[in-house]
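K.L.:
Before we start, here is the structure in question, set down as structure tokens.
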Amino acid sequence: MDRFLRFAIPTMFAGIALGLLFASISACSNGSTRDPVANFAGGTLTKLDTSDRCAAAPVAPFVDAAGNSVTFQDFDGQVVLVNYWATWCGPCEREMPSLASLQSARGDDAFKVIAISVDSPEDRAYAEQRLRELSGSVLDFYTLADGADGWQVVYDTGAGGGFPTTILYDQAGLKVAKVEGEADWSSFEAVALIDLIKDN
């Protein structure tokens, strides 16, 4: 029996270690069919891209409605869905009510939709008013920081390919997925995706 335990216990610990290693590698897989997030790439989320999974959220600042500097690290512990949008972008405006619906349905201490306007500084007041109209005042207004580095937060998230672009980060500030272009964020797929990330 002692001989059995000498082999069984180390073997058990080795199995647990391998299982944990496999789980961590799977969680950051690049969109394999075994990736539960990649399985949501259908229906209204056909453009869901998990190829840059587990990239850290950038540290570049953006600005809230009161003019305070904000970073993604201020939302540590929350799942955040970051949407880059502009008033001159028709698809951005069309999808905003569905982002507001998602915030209303799932927004709490564990989840938040962050809508960051990329409108120019002279259009910020209009962009804030437009966000209130489009979201029914459900979404908080954020915009780019002033100066040459204002766009850095956009580029650092990989959202420079056009608007709207939406990026999902988990509670640890790691990228889960990106969607370039318009999506219905009130859809079953979108709500189920948020629930999956919130529950993990």
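Every read-out reported here was derived from the displayed coordinates using simple, explicitly stated rules and does not represent laboratory data. Bear in mind that the values here come from a model prediction, so they are computed numbers and not experimental data. A quick note on method: Cβ atoms are made from the backbone with ideal geometry, for glycine too, and the neighbour counts reach across all protein chains shown.
K.L.:
Tell me, what ³J(HN,Hα) does each residue in the stretch 59-69 have, in order and in whole Hz, if you take phi through Karplus 6.51 cos²θ - 1.76 cosθ + 1.60 with θ = phi - 60° and put x for Gly and Pro?
P.N.:
Whole-Hz 3J(HN,Hα) from phi for the stretch 59-69: 9, 4, x, 10, 10, 8, 4, 8, x, 7, 6.
K.L.:
Further, regarding this structure: Can you tell me which of 147-153, 48-54 comes out highest on packing, and rank the rest after it, using the mean Cβ neighbours within 10 Å?
P.N.:
Working: 147-153: 14.7, 48-54: 18.1.
In decreasing order of mean packing, 147-153, 48-54 become 48-54, 147-153.
K.L.:
Which FRET efficiency, nearest 0.05, do residue 110 and residue 88 yield, Cβ-Cβ r, R0 22 Å?
P.N.:
Working from the Cβ atoms, E equals 0.10.
K.L.:
Taking square-rooted eigenvalues a ≥ b ≥ c of the alpha carbon gyration tensor, is the stretch 31-199 rounded, prolate or oblate, where a/c under 1.5 means rounded and, failing that, a/b exceeding b/c means prolate?
P.N.:
Numbers: a/c = 1.57, a/b = 1.35, b/c = 1.16.
Cα axes put the stretch 31-199 in the prolate bin.
K.L.:
For a quick check: with amide H placed at 1.01 Å from N, whose amide H comes under 5 Å from residue 79's, ignoring anything fewer than 5 positions away on the same chain?
P.N.:
111, 112
K.L.:
Let me ask another. Using the Cβ atoms and a cut-off under 12 Å, what net charge is assigned to the surroundings of residue 198, where Lys and Arg are +1 and Asp and Glu are -1?
P.N.:
Summing Lys/Arg as +1 and Asp/Glu as -1 gives -3.
K.L.:
Which percentage, to the nearest 5, of the DSSP beta bridges contained in the stretch 31-199 is antiparallel? Spell out each step's value before the answer.
P.N.:
On the way: 19 of 29 bridges.
That works out to approximately 65 percent antiparallel.
K.L.:
Mind giving me the nanometre distance, one decimal, between the label points for residue 66 and residue 174, set 7 Å out from Cα along Cα→Cβ?
P.N.:
3.3 nm
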